[in-house]
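Comments concern the structure below.
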Amino acid sequence: MYQVVAYHIASNINIRECRAHLNWDLLFSESDELFFKKNSEQFVYVFQHGIVSFFNTPDEEIEQLLQEIKPFSKEYVSEKQLEDVLVTIQPQVTKVEFQRVILPNLDQEMIRLVMFNASQSVALSRYSIISEQLLAETNVLTQYLEDKGKLDISGNKLRRFIAKTLNIKNRISENLYIFDSPEITWESEELNKLNQELKLCFDLKDRYRLIHDRIQIIKENLDLFRDIMDHNESKKLEWIIIILILVEVVDLFIAKLF
């Protein structure tokens, strides 16, 4: 029995630097991911968005490998989110069960698919926590608006909040491939079937939609806040103009009177 474990270790990993400095057997590479072979039964998968996945690697060795990756990581985290799944080998059987995958042999492309989907699951967990926190912050503002009839946030803070939400939305779109299948599945029915079953097992699509819906709700609320703030600013400008006109009229009246 083997184990796949995926960790979120940083906000970003420099793929180019990893490729240049890690002396491991590179099996596959793209601009945002690297798939390494440590030995005949050990693999490491590194993703630009801060996820690293291991196959059949003892905990103490994982820590050593993470230390090798750490210099190329941005905002390295000590408390890591993880996802793990067991892999067993049974000839002529390909099956995905809860927290267990059965493969016919140690096929590196099948192993890569398991590691890929486990990594996507970790990324979803990370973005789920972030989106939940953003929604909670938004709910505080909406509750204050309901209670007081006004917003409890400055224009600068609101703009930064909007930018933060949009940046997270962009990162999700860039780093998650929930609805896309890796190229290795295009020409193999068996790999494509395994990939689809893994997506179902990790519940990737539904979890992605939940995060997307949260972000959309947050964005709609922030758009409303911005409209309210713009309206309040317009009212202030109108009153300033009115006061300036009144001052001008009074000044003109006094000048004519004296």
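Just so it is clear, none of the values below were taken in a lab; they were calculated from the coordinates. If you're wondering where the values come from, they're calculated on a predicted model, not measured in any experiment. Counting neighbours? That spans all protein chains shown, and the Cβs are built from the backbone with ideal geometry, glycine included.
Give me a comma-separated list of calculated 3J(HN,Hα) values for region 21-37, in order, Karplus coefficients 6.51, -1.76, 1.60 applied at θ = phi - 60°, integers in Hz, x for any Gly or Pro.
10, 7, 8, 10, 6, 7, 9, 8, 8, 9, 5, 10, 7, 9, 10, 10, 10
Rounded to the nearest 20 debye, what is the charge dipole size of the chain about its Cα centre when +1 sits on each Lys and Arg Cβ and -1 on each Asp and Glu Cβ?
Computed about the Cα centre, the dipole is about 820 debye.
Tell me the GluC sites (Glu not before Pro) within region 184-236 that lie in a loop according to DSSP and have at most 14 other beta-carbon atoms within 10 Å.
E187
Run the numbers for W239 and S11: contour at 0.36 nm per residue of separation, minus the present Cα-Cα distance, in nm.
Gain in length upon complete extension: 77.4 nm.
Placing one identical point scatterer on every Cα of the chain and ignoring solvent, what is log10 I(q)/I(0) from the Debye formula at q = 0.17 Å⁻¹?
-1.24
Compute the FRET efficiency between E30 and A136 as 1/(1 + (r/R0)^6), taking r as their Cβ-Cβ distance and R0 = 30 Å, and round to the nearest 0.05.
For E30 and A136, the calculated efficiency is 0.25.
Relative contact order for region 21-144: what is it in percent, counting Cα pairs under 8 Å that are at least 6 residues apart?
After rounding, I find 17 percent.
Among the chymotrypsin sites (Phe, Trp or Tyr not before Pro) in region 83-129, which ones are in a DSSP loop with at most 14 other Cβ atoms within 10 Å of the Cβ? Mind listing them?
The qualifying sites are F98.
With a cut-off of 8 Å between alpha carbons and a minimum separation of six or more residues, what is the relative contact order of the chain in percent?
18
222 nm [θ] for the chain, helices only, -39500 (n - 2.57) per DSSP H run of 4+, per residue, to 500?
Calculated from helices alone, the mean residue ellipticity at 222 nm is -20000 deg cm²/dmol.
Using 21 Å as the Cα-Cα cut-off, could you pick out the over-long pairs in K37/K70; K70/K205; K74/K164; K80/K157; K37/K205; K74/K219?
From the list (K37/K70; K70/K205; K74/K164; K80/K157; K37/K205; K74/K219), the Cα-Cα distance tops 21 Å for K70/K205; K80/K157; K37/K205; K74/K219.
Go from 0 up to the bin containing the longest alpha carbon distance in region 120-232, width 10 Å each, and give me the % of pairs per bin.
Answer for region 120-232: a P(r) of 13, 37, 24, 15, 8, 3 percent.
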